């Protein structure tokens, strides 16, 4: 059988421990953080760049699509199989290749878990800034593919602002090195192009990142509101004061009650919204900014402002925020998390709209926002066993996306396009814009063998969210 | 006058209007690049006119070099062909400006000065201090991804541009990115265009992320004596809680020139670290105490100056390349980029090379970033200059970096590549260029690998 020969060839490259081919094993790779699609023909685990090259050459010769995968935590279906092929899991390429503190750089393999890099340099007083909520599981390779964000990217930028160089294997098996340890290397910014390309332009096998100095002081505030509108007004007012917090997060009452029940972080059960605000830097700056923020909160009818007194208390507040999705999973059979962006001044207007959508489609919607940069994560609670609900939830999410686009925003701020939103791309780009993007893809991935069916619209399904919403829970 | 045939000139005039097309030799002469003079200068009044101009040029196989205020026109290899100079200075619309969102979208031709004046009343700014200062246009700044010492804290245009409109050689207007500060919809084509020096398309509009102006700013000057002391100070400052907005290491020659512009600063021909910090009064006071302690530990004196006294000096530091060029005709200005820790070692190596050749030198380094600007002030001839550039480039490339020629006489540029080794990504770069500019009309031959 063709499949068997192919599997044998893969085993010849990687050894039996590097290849999964039994149906019960392959089933585990049918899904990622978004949804379930096809079963891969095989799942392979390279441990070196050389392995990746050989896999790519073999698969290309046989015209088998390749789907790169990190930890599978992605929320836009970037790692699922759409039209056959093998999954290349980078999870075993997890070496921190070099830590170079004087140059404030680290070189890592793609399978290094986000938080492990920070743990490796924390004692020396450094950290890696991008911090997606899944940072304890997600890989830096996956972060590069999605150009991931996180709460602390408000002040320091997203993944692309912290990646200086890449090694990548192209669809023809060639290896390129882009960028390096220094800034501004001459030539087109291929590093910048590859970051966020969702595994469609190359398989990243090594990443050079910037490390940042741990700030001298951190202050974490929890501002509690009786009305959502006051919380959203506070967000705009903080910015207007010229303060850029390290993080500025918002949760509505529904969400924070679920979070509180799950994590006991001390969020008040009877409030309408909370802001989780963090400022960091020099002691003096942090103290002043915390005072200014408290004054702004007071002007906007805050009920109370709580300061985390210890690092444990701070960690607990963040645990509540970072595990919020899981907490909502406890109270609803399923949820569908959306990722949209709006100009931050439109927050109040957008929240009202989301409420309308919730009423219209008869869903409970929980709201978690990276409020500081206008990045919204409404979570739509539904029951996937109910077919009608499953259909309605997609429609509701789509209305929210369309509204984000209308307000001058974007259909994704950090989760990526994947298979979920490629048909929605026309909401924010013209045909000419997309054609220009397609030209780049054709140059880099001419046969379309890398991660097919992602990012760009297929043109077959007009303007629809494409998702079997069932996994989120 | 081979280049632009009469019929094409008429067509171009029809696109922008007769008065927006300059053909007089005196007008064209000023825009010469390495001895090549364009046949005409065109000043489109809208993005659509830029697109039409590019299409017309592409249809007729004419080479276009785009510029804003021409402050960086000389950077790059000599053009293989240069028929039309395309100026974006008339694209000055403010498309939107939302102070509360900290975002703005403006025409590529808007001057940096006008941009900052627009934001200033709201206590906002675009935290860049590029060469060319207020005169340079935002389109030019983005196309060249230029930054000055402020990049230490704020980064480069790459970190501030959230969207763009670009005219292509097909005559289309393309949007990349958007208006919001966080956005991962589609390929990040903006990254390719930022720093592409007009070789992929012509930027017509730029959407920017803005930043709050620091409440107070102060400059601290630390006399370092030797490069060894400078290195120790750089290490201790970067390891301290002090967060400089910008930090440069001036060699003795440059310190002497720059210091003249600052009142009450005693003349010095010693290497100095200039550091600007910002924030509230108590933050700035704390930084003053920290720097004093760090200075004392290595025997370096620390002086402090108010923002108003040093603004001109900082601009002069950013304009290192242009004042070097003007003061020393025949001089060569280079920009080295390298891992942070290599800056001082590289400087000392270059000083040795220059001394061996009896060439005087000036330098401005950004030691917290790993960027070094060098001026070779009086090379005896182009051969000597080219030889020095090659050796310095070797040193930079050996320390994992690169060396770019910022300005040099045409005879020197004829002997050395402006960009240096292209690396393993070059084949892809060539293909990307071919995809967007299939006829090769945008600044042909000027960029990396002579694409």
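Please treat every number below as a calculation from the coordinates, not as lab data. The structure displayed is predicted, hence computed values, not measured ones. A quick note on method: Cβ atoms are made from the backbone with ideal geometry, for glycine too, and the neighbour counts reach across all protein chains shown.
Here, the stretch A:96-213 has an Rg and a Dmax of 13.2, 41 Å when only alpha carbons are counted.
Spread over its residues, the convex hull of the C-alpha atoms of the stretch B:106-221 is 110 Å³ per residue. Where the alpha-carbon atoms of the stretch B:226-339 are placed on the principal axes, they occupy 45, 31, 23 Å, in descending order.
Once you wrap a convex hull around the alpha carbon atoms of the stretch A:1-143, what is its projected area averaged over all directions, in nm²? Orientation-averaged projected area of the Cα hull: 9.2 nm². How big is the gap, in Å, between the Cα center of the stretch B:302-339 and the Cα center of the stretch A:1-68? A separation of 55 Å, based on Cα centres. Placing pseudo-labels 7 Å out from each Cα toward the beta carbon at residue B:397 and residue A:172 gives an inter-label distance of 2.3 nm. Using the Kirkwood radius over C-alpha pairs as Rh, can you work out the diffusion coefficient of the protein assembly as shown via Stokes-Einstein at 10 °C, viscosity 1.306 mPa s, in µm² per second? Taking Rh from Cα pairs, D becomes 55 µm²/s. When the alpha carbon gyration tensor of the stretch A:352-473 is reduced to an equivalent ellipsoid, its three semi-axes come out at 28, 17, 13 angstrom, largest first. Shown is the FRET efficiency for residue B:301 and residue A:119, computed with R0 = 45 Å from the Cβ-Cβ distance and rounded to the nearest 0.05: 0.65. Placing a label point 7 Å from the Cα of residue B:356 along the Cα-to-Cβ direction, the residues of the stretch B:395-429 whose backbone N falls under 18 Å of that point are B:395-399.
Quick check: Cα centre of the stretch A:83-139 to Cα centre of the stretch A:328-382, how many Å? Cα centroid of the stretch A:83-139 versus Cα centroid of the stretch A:328-382: 30 Å apart.
Relative to one another, the C-alpha centroids of the stretch A:176-253 and the stretch B:341-400 are positioned 36 Å apart.
Projecting label points 7 angstrom from Cα along Cα→Cβ for residue B:292 and residue B:117 puts them 4.0 nm apart. With respect to chain B, whose longest principal axis is taken over its alpha-carbon atoms, helix B:343-356 is tilted by about 80°.
Need one number: the % of Cα-Cα pairs in the stretch B:180-242 sitting beyond the 13 Å mark. Roughly 79 percent, rounded to a whole number.
Taking only Cα atoms of the stretch A:150-268, what ratio of Rg to Rh do you get with Rh as the Kirkwood inverse-distance radius? Looking at the stretch A:150-268, the ratio lands at 1.12.
Taking other C-beta atoms within 10 angstrom as a stand-in for reagent exposure, A:94, A:181 fall in the order A:94, A:181, fewest first.
With the convex hull drawn over the C-alpha atoms of the stretch B:1-87, the volume per residue is 92 Å³. Note down the Stokes-Einstein diffusion coefficient of the stretch B:407-450 in µm²/s, whole number, using a Kirkwood radius over alpha carbon pairs, 25 °C, and 0.890 mPa s. Result for D is 211 µm²/s. Treating the angle as unsigned and between 0 and 90°, give the value, to the nearest 10°, between the Cα long axis of helix A:283-299 and the longest Cα principal axis of chain A. Approximately 60 degrees, to the nearest 10.
Using Cβ contacts closer than 10 Å as the measure, can you line up B:56, A:138 from fewest to most?
Ordered by Cβ neighbours within 10 Å, fewest first: B:56, A:138.
The calculated pair-distance distribution of the stretch A:231-300 uses every alpha carbon pair, bins of 10 angstrom beginning at 0, and gives 20, 45, 30, 6 percent.
Convex hull volume of the Cα atoms in the stretch A:354-421, per residue, in Å³?
Dividing the Cα hull volume of the stretch A:354-421 by its residue count gives 93 Å³.
Its Cα gyration tensor gives chain A an equivalent ellipsoid, and the semi-axes of that ellipsoid, as √(5λ) in whole Å with the largest first, are 37, 27, 20. Over all distinct Cα-Cα pairs of the stretch B:376-451, the Kirkwood formula returns a hydrodynamic radius of 13.8 Å. Using a cutoff of 8 angstrom between alpha carbon atoms and counting only pairs six or more residues apart, the relative contact order for chain B works out to 16 percent.
Secondary structure note: in the stretch A:1-127, about 55% of the DSSP beta bridges are antiparallel. A Förster distance of 25 Å, applied to the separation of the beta-carbon atoms of residue A:331 and residue A:388, puts the FRET efficiency at 0.75.
Ratio of Rg to Rh for the stretch B:201-276: 1.12 [Cα atoms; Kirkwood radius as inverse mean 1/r over pairs].
Based on other C-beta atoms within 10 Å, arrange A:172, B:34 from fewest to most. Could the numbers behind the result be given before it?
Numbers: A:172 12, B:34 19.
Arranged by neighbour count, lowest to highest, A:172, B:34 become A:172, B:34.
Working note: Cα gyration tensor of the stretch B:320-413, eigenvalues times five, square-rooted, sorted largest first, giving semi-axes of 20, 14, 11 Å.
When restricted to Cα atoms, the stretch A:293-405 yields an Rg and a Dmax of 16.2, 49 Å, respectively. If the viscosity is 1.002 mPa s and the temperature 20 °C, what Stokes-Einstein diffusion coefficient in µm²/s follows for chain B when Rh is the Kirkwood radius over Cα pairs? In µm²/s, the coefficient is 94. Report, to the nearest 10°, how far helix A:253-263 tilts away from the longest principal axis of the Cα atoms in chain A, using its own Cα long axis and a range of 0 to 90°. Taking the Cα atoms of chain A, the angle to A:253-263 is about 70 degrees.
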